[in-house]
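The values are calculated or read from the model by the stated rules, or taken from the named source; none is laboratory data. Fair warning: this is a prediction, and the values are worked out from it, not measured in the lab. Neighbour counts run over all protein chains shown; Cβ positions are idealised from the backbone, glycine included.
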Amino acid sequence: MREIREAIRAAFDGDDEIFKYCDPNFKGNTIEGLVANIEDKINDFIDNCTNTSFVRLLDEGKVIGYFFIIKKPNMLISMGVNKRYRYDYVLKNVFNYIVEVFEKDSFESLMWKRNTRAINWLKKCGMKECEFNNKEVCKLKF
């Protein structure tokens with residue numbers, strides 16, 4: 001869907017550092033390649049899971065990012081906010097929106113351990129790191 005690609009592109013547009021945080025198996029070096037990679041993964045979830053939700057994040061009608069979740073089990077799968085909007089008050093509102101979409105139920109997220117930027121932000125928002133038997137992936141729970 002065009003809306004998915006547009007929101008992912010908006011989230012990472014101008015983020016020259018994203019490649020050191022993203023999936024280590026992604027071998028590309030362009031934002032468009034990364035957008036296509038993330039979109040393909042999200043579409044796989046949509047095709048194979050029930051009760052998924054892709055949410056575009058807007059600021060005064062302009063797309064600034066997205067998040068993608070699965071309900072039951074409650075899992076935050078992917079997210080991104082454009083670097084021009086990564087201020088504490090905006091990011092806190094994004095996290096509160098994620099919690100609201102999960103209807104205040106607990107949820108988990110799996111992040112590449114190299115994605116310290118997202119992991120630290122999620123911890124700052126109250127998520128706790130859990131034991132997980134994978135050297136490359138960090139499990140967080142809210």
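Any residue in region 95-111 that is in a strand (DSSP E or B) and in contact with a helix residue (DSSP H, G or I) (Cβ under 8 Å, 6 or more places away or on another chain)? Talk me through it step by step, then tell me what you get.
Initially, region 95-111 is screened for residues in a strand (DSSP E or B), giving 108-111.
Checking which are in contact with a helix residue (DSSP H, G or I) (Cβ under 8 Å, 6 or more places away or on another chain) leaves us with 109, 111.
There is at least one residue in region 95-111 that is in a strand (DSSP E or B) and in contact with a helix residue (DSSP H, G or I) (Cβ under 8 Å, 6 or more places away or on another chain).
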*asked:* Looking for something hydrophobic (A, V, I, L, M, F, W, C), in contact with a Leu (Cβ under 8 Å, 6 or more places away or on another chain) and surrounded by 13 or more Cβ atoms within 10 Å (Cβ to Cβ) - is there at least one such residue anywhere in region 49-63?
replied: yes
_I need the strands (runs of 3 or more DSSP E) fully contained in region 40-90, keeping only those with at least 1 residues that are in contact with a Pro (Cβ under 8 Å, 6 or more places away or on another chain) and modelled with pLDDT under 95._
none
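Please find, within region 1-39, the residue that is farthest from residue 112 (Cα to Cα) out of those that are among the β-branched types (Val, Ile, Thr) and not in a loop (DSSP other than H, G, I, E, B). Outline the logic, then answer.
Taking region 1-39 and keeping what is among the β-branched types (Val, Ile, Thr), we get 4, 8, 18, 30-31, 35, 38.
Next, from what is left, pick out any that are not in a loop (DSSP other than H, G, I, E, B): 4, 8, 18, 31, 35, 38.
Details: 4: 21, 8: 18, 18: 12, 31: 18, 35: 17, 38: 14 Å.
Within region 1-39, the match that is farthest from residue 112 (Cα to Cα) is 4.
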*asked:* Can you pull out every residue in region 83-142 that is free of Cβ contacts under 8 Å to residues at least 12 places away in the same chain and closer than 20 Å to residue 19 by Cβ?
replied: 86, 120
_Can you confirm whether residue 78 is touching a helix residue (DSSP H, G or I) at 6+ places or on another chain (Cβ under 8 Å), surrounded by 13 or more Cβ atoms within 10 Å (Cβ to Cβ), farther than 21 Å from residue 1 by Cβ and among the hydroxyl-bearing types (Ser, Thr, Tyr)?_
no
